[in-house]
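This report concerns only the one structure given below.
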Amino acid sequence: MKIIILGGKGLVGKNISPHFSTCHEIITVDIEEWDITNIEKSEEFIRQYTPDAIINLAAVTNVDGCEDNVELARKVNGEAPGFIAEICEKYHAKLIHLSTDYIFNGKKNTPYIEEDAPDPQSVYGITKLTGERNIMRKNPSSLIIRAEWVYGDGGENFITKIKKIADEKGMVEVVNDQRGAPTYAKDLALPLKTLIENGNSGIYHIANSGSCTWFEFAKEIFSQLQTEIEVKPITSTQLNRKAKRPSYSVYDCSKLQKDTGIVMRSWQTALKEYLG
């Protein structure tokens, strides 16, 4: 297959591209080559390259920044995915779109399934949900992947940030009232590839198994690094971020397992490989 990875120079793109390139023709593009808010250019690009599939990783992902740049988030996260879905339908290309746990309010205390009612609490979450809905309205054969707490090689992420803070201050303060599943971006590759090759459509939750708070995640990072760093638990209120985060966003990935046979490894095992 010929697959365009849009936003492919970002963290997820860098981690999944090698897995796809072993058996498919991969074209990696970023905003310099393709601005997804430009409808005419988007159609021109798809017409020129005639891909079998497009993996859309392009998004405004600065969660707090979205609160200040509502219009940009609306265009990139909300409107553009719908345009791309429409063009993909026209040119018979499969659209695969990356979404987020921020479409949920976090008030549940059991893992979220794909059918749970969305209730985003931030501009980022609202615009990402709009993107999902626009895609499914315009091209129901599309595939939407909801990932969460993603880290990986070749980009800044939670792990690189807290290591830097620890180096500078000798301690880190981390919220202990938000629970999710840290997910190694590399572990998204096989499920994505399998779902695309099988022709699956609809929404799938993908995350490493198990769960923890950000505080527990930080403790495990320094434990695996065998580094003596004080990790101090704080509350989300103390952190005082602009955008509200879901307090609980653990995924139920049983739909993925049922449809592909893939069982996601534990977040601790994945972390060990990343840090190794």
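The values are calculated or read from the model by the stated rules, or taken from the named source; none is laboratory data. This structure is a prediction, so every number in the text was calculated from the model and none was measured. Ideal geometry is used to build each Cβ from the backbone, glycine not excepted, and the neighbour counts take in all protein chains shown. All accessible areas refer to the heavy atoms of the entire protein, side chains included, with ligands and DNA or RNA removed. Shrake-Rupley method; radii C 1.70, N 1.55, O 1.52, S 1.80 Å.
Would you work out the relative contact order for the range 1-124, in percent, from Cα pairs under 8 angstrom that are 6 or more residues apart?
The normalised contact order for the range 1-124 reaches 27 percent.
Sort ARG241, ARG137 from largest to smallest accessible area, using a 1.4 Å probe on the heavy atoms of the protein chains.
The residues order as ARG137, ARG241, largest area first.
Taking +1 at the Cβ of each Lys and Arg and -1 at the Cβ of each Asp and Glu, which of ASN134, ASN109, ALA73 sits farthest along the dipole of the range 73-135 towards its positive end, judged by Cα position relative to the Cα centre?
Farthest along the dipole direction, towards plus: ALA73.
What is the percent of Cα-Cα separations in the chain that go past 30 Å?
27 percent
Among DSSP beta bridges lying fully in the chain, give the percent that are antiparallel, nearest 5.
Antiparallel bridges: around 5 percent, rounded to the nearest 5.
How large is the Rg to Rh ratio of the range 68-189 when both quantities use alpha carbon positions and Rh follows Kirkwood?
A ratio of 1.03.
Going through the range 64-135, which GluC sites (Glu not before Pro) have at most 12 other Cβ atoms within 10 Å and a DSSP loop state?
Those satisfying the criteria are GLU115.
Using Cα pairs closer than 8 Å and at least 6 residues apart in sequence, work out the relative contact order for the chain, in percent.
21 percent
Convert 20 °C to kelvin, take the viscosity as 1.002 mPa s, use the Kirkwood radius over C-alpha pairs of the range 122-276 as Rh, and evaluate the Stokes-Einstein diffusion coefficient in µm²/s, rounded to a whole number.
126 µm²/s
If you roll a 1.4 Å probe over the heavy atoms of the protein chains, what accessible area per residue do you get for the range 102-145, in Å²?
On a per-residue basis, 43 Å².
Using a 1.4 Å probe on the protein chains only, how many percent of the accessible area of the range 123-276 belongs to carbon and sulfur?
47 percent
By the gyration tensor of its Cα atoms, with a ≥ b ≥ c the square roots of the eigenvalues, what is the shape of the range 5-47: rounded for a/c under 1.5, prolate for a/b over b/c, or oblate?
It comes out oblate by the Cα gyration axes.
For the chain, what is the charge dipole size about the Cα centre, in debye to the nearest 20, if Lys and Arg each add +1 at the Cβ and Asp and Glu each add -1 at the Cβ?
The dipole magnitude comes to about 380 debye.
If you average 1/r across every pair of different Cα atoms in the range 1-116 and take the reciprocal, what Kirkwood value do you get, in Å?
Hydrodynamic radius (Kirkwood, Cα only) of the range 1-116 equals 15.3 Å.
Using a probe of 1.4 angstrom, how much of the accessible area of the range 10-68 is carbon and sulfur, in percent?
Carbon with sulfur: 47 percent of the solvent-accessible area.
Given 0.36 nm per residue, what is the gain on full extension from THR110 to ASN198 after removing their alpha carbon distance, in nm?
Stretched out fully, the THR110 to ASN198 stretch lengthens by 28.8 nm.
State the Kirkwood hydrodynamic radius of the range 62-122 in Å, one decimal place, computed from all pairs of distinct Cα atoms.
Result for the range 62-122, one decimal place: 13.7 Å.
With r as the distance between the Cβ atoms of GLU43 and ALA117 and R0 = 51 Å, compute the FRET efficiency 1/(1 + (r/R0)^6) and round to 0.05.
Efficiency at R0 = 51 Å is approximately 0.90.
Rounded, prolate or oblate: which fits the range 187-245, taking a ≥ b ≥ c as square roots of the Cα gyration tensor eigenvalues, rounded meaning a/c under 1.5, else prolate when a/b beats b/c?
Oblate.
Rounded to the nearest whole Å², what accessible area per residue is found for the range 163-261 with the 1.4 Å probe?
Heavy-atom accessible area per residue stands at 49 Å².
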